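J.: This is the structure I have questions about; it appears just below.
The values are calculated or read from the model by the stated rules, or taken from the named source; none is laboratory data. Nothing here was measured: the structure is a model prediction, and the numbers come from that model. Neighbour counts run over all protein chains shown; Cβ positions are idealised from the backbone, glycine included.
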Amino acid sequence: MRFISRSFHAVLDYMAGIFLLAAPWIFDYASLAPAMWTAVIFGAAIVGLSVFTDYECGRVKIIPMATHLNVDVIAGLILAASPWLFGFADQLYGLYLIMGLLAFSAGLLTVNNSQHAHRTHANRTRPTTYIAFITCLIISACSTSTRITGSWKDPAVDASTGESKSVLITALSRNIEVRTKLEDALAAKAAERNIEAVKSSDIFTPDFFQVLPDRDELISHIKQTGVDAILTVSLIDTESETRYVRGSTHYAPMPVYSWYGGFYSYINYWHPIMYDPGYYVTDKTYFLETNLYNAETGKLVWSAQSETVNPTSIDAFAAEYPEVLLERMVKDGLMVQQQTE
């Protein structure tokens with residue numbers, strides 16, 4: 001049954017074409033060349049086809065509507081499969097799958113004449129519903145998904161001993177933009193719980209760790225801030241995936257890996273990776289590890305590992321990650337659940 005009018009289909013064509021043309025920059029994946037060019041080529045093709053189609057929003061009107069709809073069906077299937085055809089499904093696929101299936105459906109469900117020009121008011125309001133539905137699908141397809149894959153807490157520590165009143169937040173990344181935005185987001189979340197946050201980007205110059213200071217010098221520098229806890233976030237590339245437990249498997253950071261002996265040994269482990277010129281830090285990094293240390297003793301208090309799927313932008317990830325992290329801290333008994341008013 002065909003129930004989408006030609007005029008509404010025409011509006012959708014232009015919206016979809018312009019959206020695809022802009023999508024790589026809206027969702028910050030223009031550096032992913034295959035995905036970027038796929039969106040640009042399909043977006044330009046949709047707009048061009050619309051201009052030459054013999055329907056309400058066409059300008060040249062030389063392509064029959066039936067041909068247009070057949071092209072929609074074929075192009076929709078190709079667009080939906082493009083992440084796998086062109087090899088970028090590991091980074092992004094939801095947007096293309098949704099847009100391709102929408103084009104395919106529109107090709108099958110649009111009438112080939114103007115028989116809907118005089119529908120009732122109830123039916124004329126359908127386009128609003130369609131647009132809202134399509135918008136929700138697109139947003140959900142492009143959203144970031146982060147989950148905690150495992151966590152560990154020192155059995156001697158719990159929320160009853162009192163939450164930290166101040167914390168140093170340190171994102172161990174060579175990417176200054178990632179470091180700054182992630183630390184800003186975590187600091188904002190800490191402020192919501194009346195925890196004073198000090199960001200490493202505010203107290204350490206970009207070249208502070210070029211030559212790793214000795215333990216006493218580093219700890220002394222941190223103690224001058226007056227914090228009682230240190231939160232580190234490290235980005236780990238996909239080659240280390242086998243190190244990460246999944247599902248219900250028990251997560252135990254000690255004593256399997258020697259660098260978990262304390263804050264300084266952890267910094268000492270990550271230092272050559274942070275400042276190795278050949279280290280590759282891009283959005284291919286899907287796994288993060290977050291550790292909480294006692295600032296006085298340097299002892300590890302809590303540790304968690306997380307997996308982020310399709311991080312299409314740094315801003316979207318930075319907005320989501322602190323929420324997921326806080327939820328797990330509460331679940332692990334490290335923090336008290338705040339009562340909502």
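J.: If we keep just the residues of segment 160-181 that are among the polar types (S, T, N, Q) and crowded, with 20+ Cβ neighbours inside 10 Å, which is modelled with the highest pLDDT? Give the steps one after another, and end with the answer.
T.: The initial filter retains those residues of segment 160-181 that are among the polar types (S, T, N, Q), namely 160-161, 164, 166, 170, 173, 175, 180.
Filter again for crowded, with 20+ Cβ neighbours inside 10 Å, leaving 164, 170, 173.
Details: 164: 74, 170: 89, 173: 78.
Within segment 160-181, the match that is modelled with the highest pLDDT is 170.
J.: Out of all the residues in segment 40-59, is one or more touching a His at 6+ places or on another chain (Cβ under 6 Å) and of a type in the set (S, T, N, Q)?
T.: Yes: segment 40-59 contains one or more residues that are touching a His at 6+ places or on another chain (Cβ under 6 Å) and of a type in the set (S, T, N, Q).
J.: Another question, if that's okay. Starting from residues that are at pLDDT below 85 and not in a loop (DSSP other than H, G, I, E, B), keep the ones in segment 85-122 and report whichever is nearest to residue 287 (Cα to Cα). Quick ask: steps written out before the conclusion?
T.: From segment 85-122, those at pLDDT below 85 are 87-92, 111-122; that's our starting set.
Still in the running and not in a loop (DSSP other than H, G, I, E, B): 121-122.
Numbers: 121: 51, 122: 49 Å.
For segment 85-122, the residue satisfying everything is 122.
J.: State which residue pairs qualify: first residue part of a helix (DSSP H, G or I) and inside segment 1-17, second residue β-branched (Val, Ile, Thr) in any location, beta carbons under 6 Å apart, and separation of 6 or more residues or different chains.
T.: From residues that are part of a helix (DSSP H, G or I), the pairs are 9/110; 13/46; 16/46; 17/46; 17/47.
J.: Something else about it: Can you confirm whether segment 62-74 contains a residue that is among the small types (Gly, Ala, Ser) and assigned to a helix (DSSP H, G or I)?
T.: Yes, because at least one residue in segment 62-74 is among the small types (Gly, Ala, Ser) and assigned to a helix (DSSP H, G or I).
J.: Go through 3, 27, 42 for me and flag whichever is at pLDDT 85 or above and of a type outside the set (Ser, Thr, Tyr).
T.: 42
J.: Then there is this: Going through segment 322-341 one residue at a time, which ones are touching a strand residue (DSSP E or B) at 6+ places or on another chain (Cβ under 8 Å), under 21 Å from residue 263 (Cβ atoms) and at pLDDT 85 or above?
T.: Once the filter is applied, which keeps residues that are touching a strand residue (DSSP E or B) at 6+ places or on another chain (Cβ under 8 Å), under 21 Å from residue 263 (Cβ atoms) and at pLDDT 85 or above, segment 322-341 yields 325, 328, 329, 332.
J.: Does residue 211 meet the test of being at pLDDT 65 or above and surrounded by fewer than 17 Cβ atoms within 10 Å (Cβ to Cβ)?
T.: yes
J.: Determine whether residue 82 is at pLDDT 85 or above, of a type outside the set (A, V, I, L, M) and either in a helix (DSSP H, G or I) or farther than 27 Å from residue 7 by Cα (or both).
T.: Yes, satisfied.
J.: Spot the failing condition for residue 38; the list is (1) touching a residue at least 24 places away in the same chain (Cβ under 8 Å); (2) over 15 Å from residue 82 (Cα atoms); (3) part of a helix (DSSP H, G or I), and only one is missed.
T.: (2)
J.: Another one. Name every residue in segment 62-83 that is over 14 Å from residue 107 (Cα atoms) and either exposed (fewer than 13 other Cβ atoms within 10 Å of the Cβ) or not assigned by TED's automatic domain parsing to the domain that holds residue 106 (or both), in order of residue number.
T.: Matches in segment 62-83: 62 only.
J.: Across segment 182-200, what is the number of residues that are crowded, with 19+ Cβ neighbours inside 10 Å and in a helix (DSSP H, G or I)?
T.: Of the residues in segment 182-200, 7 are crowded, with 19+ Cβ neighbours inside 10 Å and in a helix (DSSP H, G or I).
J.: Same structure, new question: Take the conditions among the β-branched types (Val, Ile, Thr) and either at pLDDT below 70 or touching a helix residue (DSSP H, G or I) at 6+ places or on another chain (Cβ under 6 Å) (or both) and apply them to residue 301. Does it pass?
T.: In short, no.
J.: Let me ask something else about it. Being surrounded by fewer than 19 Cβ atoms within 10 Å (Cβ to Cβ) and under 30 Å from the mean Cα position of the chain (by Cα) is the requirement here; does residue 52 meet it?
T.: So residue 52 does not fit the description; no.
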